[in-house]
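Working notes for the structure below.
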Amino acid sequence: MKPAHFEYFRAATIGEAVDKLGGDPEARLLAGGQSLIPAMNFRVARPSQLIDINGLEELKPLVARLPENILEVGALVRHQQIATSPLVQRYLPFMATVALSIGHWAIRSRGSVGGSLCHADPAAEWPAFMVAAGAEMVVAGPQKYRRIPADTFCSGFMETALGPGEMLVKIEIPLAQGGWGFWEVARRPGDFALAGAVCRRHHSRTTVTWFGADLSGPGTVTVESEGGAGHGTHFWEDAASRVLAVDDDYMLQILGYCADQACRQAQSDEGRDYDNR
Amino acid sequence: MTTVDIAFLLNGRPVSLSVEPRLLLSDALRHHLGMTSTHVGCEQGVCGVCTILLDGAPARSCLMLAVMADGRSVTTAEGLSDPLAEQLRDSFQEHHALQCGFCTPAMLLTAHCLLSAHPEAGESQIREALSGNLCRCTGYQFIIDAVSSLTERGGEGDASHG
Ligand SMILES: Cc1cc2nc3c(=O)[nH]c(=O)nc-3n(C[C@H](O)[C@H](O)[C@H](O)COP(=O)(O)OP(=O)(O)OC[C@H]3O[C@@H](n4cnc5c(N)ncnc54)[C@H](O)[C@@H]3O)c2cc1C
Ligand code: FES
Ligand code: FES
């Protein structure tokens with residue numbers, strides 16, 4: 001028996017989950033368990049209560065709301081669902097690429113998008129992706145729902161903007177135009193990345209969002225320039241050292257390399273994007 | 001000690017038991033249900049030897065509480081009994097795809113899950129699917145060979161691996 005004692009509670013509604021969570025500062029929500037249970041196995045985490053949200057259908061939608069140009073992703077949608085969903089392939093295929101870089105198959109089939117965002121590991125892919133996508137988090141609290149933009153959601157090292165008793169319900173991702181690119185460096189496939197970059201390109205605007213590299217959370221830089229994405233590795237290394245306050249040479253090289261690779265991909269993706277229209 | 005009553009399908013048969021919420025599914029399978037093909041290595045999701053199929057998809061039983069299996073369907077290597085499973089066992093033997101056998105049940109489950117859904121899988125897809133299962137003995141190539149030989153391509157390689 002590895003985890004320490006806790007009370008187990010299956011939430012039947014979001015309201016019930018939020019009530020329980022608000023009533024006990026040591027209680028934790030249990031989603032896919034792919035971050036929380038390893039921590040409990042080592043007794044690094046010793047929650048007094050686990051509130052199992054796996055039965056909450058309201059947390060499972062994966063739908064395109066086309067009039068608004070929004071992909072709605074429920075907090076409990078699993079990484080592997082994103083990787084294999086025809087809907088994602090149709091409207092935001094880039095998201096499937098990102099999903100496939102998370103852990104291994106068995107991890108992805110349990111781990112949830114919401115769990116990853118709330119766990120807020122600085123080396124995780126989803127927080128950076130959501131910042132790059134300009135997503136909004138829809139959060140349920142003891143009194144009301146509120147919305148939190150992705151770029152303020154991850155507020156520090158494994159910290160989020162969630163207040164006491166608040167839970168993530170869904171994420172709304174705008175289906176915007178432009179190209180996407182993604183690159184990461186990990187020691188072995190399936191490991192957390194040392195560092196990585198998500199790039200978005202639309203006309204003359206290129207935005208790079210980095211993760212990993214001992215950052216406390218996603219870090220972004222936007223560059224306006226005409227012509228190709230060919231800023232090159234050194235350009236992005238400089239940008240990373242200025243904007244992210246990273247001074248380790250090896251990390252800067254990885255950050256520069258990832259950004260450059262991601263930008264090249266985004267450039268050709270943007271080209272493809274326009275061919276299709 | 002409070003316990004929770006749970007019931008689920010184990011290798012196609014209904015089982016029910018009363019468990020402490022903190023009991024891991026891996027321990028429930030091994031110690032309460034006799035499914036000792038479920039091995040335990042790292043208990044942090046990395047090594048993959050505890051992999052089971054949950055409603056047909058691979059999952060780490062060391063990262064699940066037994067209570068989370070309630071109402072679901074769990075498959076362990078003991079429950080792999082269809083013709084594909086037989087072919088996999090034979091193929092592992094022919095290709096020397098195991099030495100100590102510690103990783104083998106989880107390899108079989110993962111490979112079975114892949115080939116059931118993708119009989120056309122190429123080598124890169126097989127490598128990706130099995131990348132979450134560590135083996136300390138074989139150096140992996142024989143395992144890849146064993147699985148590849150059962151695909152529609154019959155191990156003739158695929159585009160990404162020449
Ligand atoms: C071997 C291994 C490799 C991995 N590799 C990667 C990787 O490469 N990249 C990566 O990003 N991740 C990786 N992960 C982590 C994985 O992505 C997890 O799925 C994810 O971090 C947590 O999601 P979960 O659903 O399992 O959440 P849980 O573990 O259940 O919960 C994590 C935390 O979030 C809280 N929480 C969960 N859902 C909500 C909610 N809706 N509202 C508020 N709080 C909530 C929980 O209370 C808990 O504190 C890996 C994990 C393992 C075991
Ligand atoms: S024991 Fe579960 S992954 Fe290692
Ligand atoms: S055969 Fe020994 S660990 Fe794989």
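Quick note: the coordinates plus some simple rules give every number you see, no bench work behind them. Because the structure is predicted, anything quoted here is derived from the model rather than measured. Every residue, glycine among them, receives a Cβ derived from its backbone with ideal geometry; neighbour counts consider all protein chains shown.
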Inter-chain shielding of A:96-107 (mean C-beta neighbours from other protein chains, 10 Å cut-off): 5
Base-10 log of normalised Debye intensity for chain A (one unit scatterer per alpha-carbon) at q = 0.11, 0.14, 0.16 Å⁻¹: -0.62, -0.99, -1.25
Per-selection Kirkwood Rh - the range A:7-52 (Cα, Å, 1 d.p.): 10.7
Distance between modelled label sites at residue A:233 and residue A:249, nm, 7 Å Cα→Cβ extension: 1.4
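For peptide B:20-30, what's the mean number of Cβ atoms from other chains within 10 Å of each residue's Cβ? The partial results should precede the final answer.
Working: counts 5, 9, 10, 3, 6, 1, 1, 2, 0, 0, 0.
If you average over the peptide's residues, the count of other-chain Cβ atoms is 3.
How big, on average over all directions, is the shadow cast by the Cα convex hull of the range B:39-106, in nm²? Walk me through the numbers on the way to the answer.
Values: hull surface 20.0 nm².
In nm², the orientation-averaged hull projection of the range B:39-106 is 5.0.
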Distance cut-off 20 Å, percentage of C-alpha pairs in the range A:159-260 lying past it: 45
Projected area, mean over directions - the range B:83-161, Cα convex hull, nm²: 4.5
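Sorted from largest to smallest, which semi-axis lengths in Å does the alpha carbon gyration tensor of chain B give for its equivalent ellipsoid, taking the root of 5 times each eigenvalue? Please list the in-between numbers first.
On the way: eigenvalues 183, 46, 34 Å².
So the equivalent ellipsoid measures 30, 15, 13 Å along its semi-axes.
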Residues A:62, B:130 arranged by fewest to most Cβ contacts within 10 Å: A:62, B:130
For peptides A:80-88, A:25-33, B:105-113, sequence by mean Cβ density within 10 Å, most packed first: B:105-113, A:25-33, A:80-88
D_trans [Stokes-Einstein, Kirkwood Rh over alpha-carbon pairs] for the range B:1-57, 4 °C, 1.567 mPa s, µm² s⁻¹: 105
At least 18 Å along the helix axis (C-alpha) and Kyte average at least -0.5, DSSP helices within chain B: B:104-117
